[in-house]
Structure formats: C-alpha cells, structure tokens
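Notes follow once the structure below has been shown.
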Amino acid sequence: MTEAPAPGNQRPANTPEAGAGFDALVLAGGRGTRLGGADKAALTLHGQRLVDRVITAARSAGANQVVVIGPPHAGTDADRVVREEPAYGGPLAALAAGIRAVDSEWVMVLACDLQHPLAVATALRTASGMELGDGALLEDEEGHLQWLAGYYRTAAITAACKRLGDEVANAPLRRVLGELELHRIPVGERLSDDIDTPQALATARQSTKPVEPDDARGPGQPGAGRQASAPPTPN
C-alpha cells in the first residue's frame, strides 16, 4: 500500500455503534471505462466533484476518518489517500489496500460515483440498530446487492483479504464480501444509483430533487435486515 498526504442504552457489542465507531473507505481509482476513460473523481455534479460529495456524506454520517483509494488528487478533501497495488487493479485490490488504513472496528465502503451519497450513508447507518454478523449492505429493488454501499466489520474484511493475498488483483468484490455474514438493507428506487455512464451523468445533472435518506427501510420495517444468503450479484 502506498500513501500520499491529503490536504443512553447500552448496545450489543456486535452492532456498528459499539466501540470506537467507524471509518469510511471511498473507492476512486477506477479507469472510468464506461465513461469513455473519464476520471470519475474529477467529474462534477451540482458544482462539486463526485468524490468530494461522497467524502462529505461519510463525514455527515459520523465517520471517524475518510480514506480515499485512488490517485492523490482524488483525496484532497479526505484524511488519507492510499493506492491499490497494482494501480487499476480493481475494486477488490482497492479494498485490500484501504482496509489496512482503517483504525475503527467498523468500516463504511462507498463508491466515489454514487448519485445520492448522503442518502446511501444514512441508510447504512440504520444498521446500527441491528445485531450484525460481519456487516450489512444495500439491496436495490431488483434484488442486486450493492457491495460498494456497505457497512462491514473491519476484522472480517482484513482476514478475508489476507487469505487471498495477491489474488485480490483484478478479482471481483464477491471473492471477499460474498463469503461474509451480511444483512441486506432494502432501499427504494434510485437511492443506490451510481454514475458510471455518460447517460447516467447527464441524467444526474438534470435532476434537481435528491433522493431522501428515508427512502431506506430501517430496522423494524418490512423487509429490513434480511441475511444476504442468496448468491451475490457480481460487481
């Protein structure tokens, strides 16, 4: 891992709010192939870079520190910047690099191109009311699991990445996250949308109404907190 500087009631011990809180990882090192090779981190939406919108959302959700995995310029608003090895080695290599920078028991993992990052981060915080195994992640209305909209136990990811070793390069996220005991948090339409095509970017720029955080169904609502036991959807 390489690093660059960047300018009440007691809960059960296995809930995300127990202990020292959580850090956030923002993955921003992709090639942007579906965007014609554009640098996702540098793209802007409503006057702000996509990556900075996600960093702000993670902090608003209560992250102790925000770590960006990607080129140094992507993390100018983050607490730390690290780079996956090899560069452009895929999201699992980025996760393996980033997890080594995490100091907290829990980690929120977010894509840098989320269209509604604050709503996503808020939805993930509903996991604090659950007794979790290895964490939780969002599930869209079509049943797709959103690996890069998740809230995970740091030790579980660290152990799984160590078992894979160098095999994390160019491997899908499900190689690690798919083996964890995770709960699904069902969310409403559009909440977990990302911006990975020119069409998606154009649509996001035309939109003036953000998706609200309460589009997520929190604990105690129908369908919330189901264990992710079905075969994972590839990233």
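Structure above, values below:
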{"quantity": "Simple label model, 7 Å out from Cα along Cβ direction - ALA42 to ALA200, nm", "calculated": "2.0"}
{"quantity": "Per-selection Rg to Rh, segment 61-158 - Cα, Kirkwood hydrodynamic radius", "calculated": "0.94"}
{"quantity": "Inter-site label distance for SER207 and GLU141 at 7 Å from Cα along Cβ, in nm", "calculated": "1.2"}
{"quantity": "Cβ crowding within 10 Å averaged over residues, with 88-99, 106-117 ranked highest first", "calculated": "106-117, 88-99"}
{"quantity": "Under 5 Å, built H, 5+ apart or other chain: amide partners of LEU43", "calculated": "LEU50"}
{"quantity": "Cα-centre dipole for segment 37-107 with unit charges at Cβ (Lys and Arg positive, Asp and Glu negative), debye to 20", "calculated": "140"}
{"quantity": "Gained length - ALA155 relative to ALA87, 0.36 nm times residue gap less alpha-carbon distance", "calculated": "22.1 nm"}
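A short reminder: the numbers here are calculations on the coordinates, not readings from a lab. These numbers were taken from a predicted model, which means no experiment stands behind them. Backbone-built Cβ (ideal geometry, glycine too); neighbour counts: all protein chains shown.
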